[in-house]
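What follows is a short report on a single structure.
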Amino acid sequence: MILEFTEEQQMLKQTVRKFLEKEIKPYAEEYTDLLIPKELAHELIKKLLPFGYVAGSFPEDMGGMNLDTISQGILYEELFRVFPGLGGIVFITQETALTLYQDGNKEQIQRFIPKLLSGDYIGCVAVTEPDVGSNPSEVKTRAILEAGTYRMNGQKIWISNGSISDLAIVLARTEKEAGKKSVSRLIVERSFSPYSTKDIKKLGLNSWPTSELFLDDISVPQENLLGELGEGLKSTLQLFERARCFVALYSTGISQASMDATIQYVKEREQWGKPIGQHQLIQDKLAEMLTELDAARLLAYRGLYLIGKGVRCDTQTSMAKYYATEAGVKITSHAIQIHGGYGLSKEFPLERYFRDARMLTIPDGTSEIQKLIIARNAIGMPAFR
Ligand SMILES: Cc1cc2nc3c(=O)[nH]c(=O)nc-3n(C[C@H](O)[C@H](O)[C@H](O)COP(=O)(O)OP(=O)(O)OC[C@H]3O[C@@H](n4cnc5c(N)ncnc54)[C@H](O)[C@@H]3O)c2cc1C
């Protein structure tokens, strides 16, 4: 078992960190708690493309770099550390493209993927609805086939990238009767099948839009059915397996940023005549934070390693997502405590790290759902179906 990055991976980490600090951090500072405008999102995605963001994991004939899953993880962890809001936009666009690549037919791959890989299109994946969260098999959005066109009606909520998206992969009921096999995915290209959106005001990650999508009697061509009819639920759950490792690294990146700030602060801030880092109870917190962070990171990269090997690893990816996102809340909260009053001030980034980290125990399966997957797989007895 190899538990360290290769030389190339270490080099990638250093190079991309240097670039992000210089070129991307100024935008992160400007758009703290401010939505990134769509035009700027496209511009920044294009700046990131040469490092392997969005397209890097694709084969060379698609314009990619055949990047291994660990290197992809490094890219995103670094971006989440510097500008988590932008990281979310880029990551979801990549996941949209990968979903299309995995399940799309030749024509769909040729039509849609180049636009996503070039940064001309921003993607989103729309599963959650106002009344349907942890159990996507219950989606109510309907897409009924009439003379070669799906008529889609419904509402989605909490959709990352929603308002700035050009293309959505929408989970909808394609049969009149309910049941797991009645759910399919459709590629909804906004210019052809316009949907409207409204952004949700939320606790953290405020530069990244999370939106409601209104699918009011829109027409979607039959050829935009993604994958097999009635197989939408299974494929969506498979997508979560990979995404969960990246959400774990999302939390790790934010935690690392708060750790970096804290390590600097404990050396500079003095109380009782010495740096606060020399007080034993501060060292106790630091040790706890550092250990949690390391454990979270190791679980996330183990998940990515297994994904790269192509083996089933839903237990490991659920462990990574659950552990890393809960750890992120603890680490960023301790970071505030160590900063004292300044930790709560908007003049410092600590309160934002905490708000951002707090967002991540919910998406891609809540902590409770991850625990149910881990335990179900261990004992073979599901607590939910
Ligand atoms: C930042 C962010 C980004 C998101 N991005 C997207 C996106 O791009 N696309 C998308 O489709 N969705 C997205 N979501 C939505 C997200 O996937 C849902 O919020 C999540 O699945 C939970 O659904 P819910 O909020 O409706 O909660 P509910 O399912 O209503 O759950 C409420 C509570 O009940 C618990 N619970 C539910 N079922 C069980 C059970 N069986 N046993 C024990 N406890 C249970 C949950 O853990 C939770 O604590 C995003 C959410 C956030 C916060």
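The values are calculated or read from the model by the stated rules, or taken from the named source; none is laboratory data. Quick caveat: nothing in here was measured; it's all calculated off a predicted structure. No Cβ is skipped: glycine too gets one built from the backbone with ideal geometry, and neighbour counts run over all protein chains shown. SASA here: full protein model, heavy atoms, side chains in, ligands and nucleic acids out. Shrake-Rupley method; radii C 1.70, N 1.55, O 1.52, S 1.80 Å.
Below is a table of values for the structure above.
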quantity: Loop trypsin sites (Lys or Arg not before Pro), the range 307-370, which have at most 13 other Cβ atoms in a 10 Å radius of their Cβ (DSSP); calculated: 312, 346
quantity: The range 206-228 and the range 126-157: distance between their alpha carbon centers, rounded to Å; calculated: 9
quantity: Amide H contacts under 5 Å for residue 63, placed H, 5+ residues apart; calculated: none
quantity: Long-range HN-HN contacts of residue 218 with modeled amide H, under 5 Å; calculated: 152
quantity: GluC sites (Glu not before Pro) within the range 1-109: DSSP coil, no more than 14 neighbouring Cβ in 10 Å; calculated: 4
quantity: Nearest-10 value in Å² for the accessible area of residue 339, using the 1.4 Å probe; calculated: 10
quantity: Vicinal HN-Hα couplings computed from phi for the range 220-233 (Karplus, 6.51 cos²θ - 1.76 cosθ + 1.60; Hz; Gly/Pro x); calculated: 10, x, 4, 5, 8, 5, 9, x, 7, 4, x, 9, x, 5
quantity: Percent RCO, i.e. relative contact order, over the chain, from Cα pairs under 8 Å lying at least 6 residues apart; calculated: 15
quantity: The chain - mean residue ellipticity at 222 nm from DSSP helices (-39,500 (n - 2.57) per run, n ≥ 4, rounded to 500); calculated: -16500 deg cm²/dmol
quantity: Accessible surface, 1.4 Å probe, highest first, among residues 241, 223; calculated: 223, 241
quantity: Whole-Hz couplings from phi, Karplus 6.51/-1.76/1.60, listed for the range 149-166; x for Gly and Pro; calculated: 9, 7, 9, 10, 9, x, 9, 10, 9, 6, 8, 5, 6, x, 5, 9, 7, 10
quantity: Derived scalar couplings ³J(HN,Hα) [the range 119-126; Karplus, 6.51 cos²θ - 1.76 cosθ + 1.60; whole Hz; x for Gly, Pro]; calculated: x, 6, 10, 10, x, 8, 10, 10
quantity: Carbon/sulfur fraction of accessible area - the range 123-229, other protein chains in place, 1.4 Å, %; calculated: 50
quantity: Zone of residue 6's modelled label, taken as backbone nitrogen in the range 290-319 under 20 Å from a point 7 Å along Cα→Cβ; calculated: 298, 300-311
quantity: Span from the the range 305-336 Cα centroid across to the the range 39-94 one, whole angstrom; calculated: 20
quantity: Under 5 Å, built H, 5+ apart or other chain: amide partners of residue 167; calculated: 122, 124, 190
quantity: GluC sites (Glu not before Pro) within the range 258-349: DSSP coil, no more than 16 neighbouring Cβ in 10 Å; calculated: 347
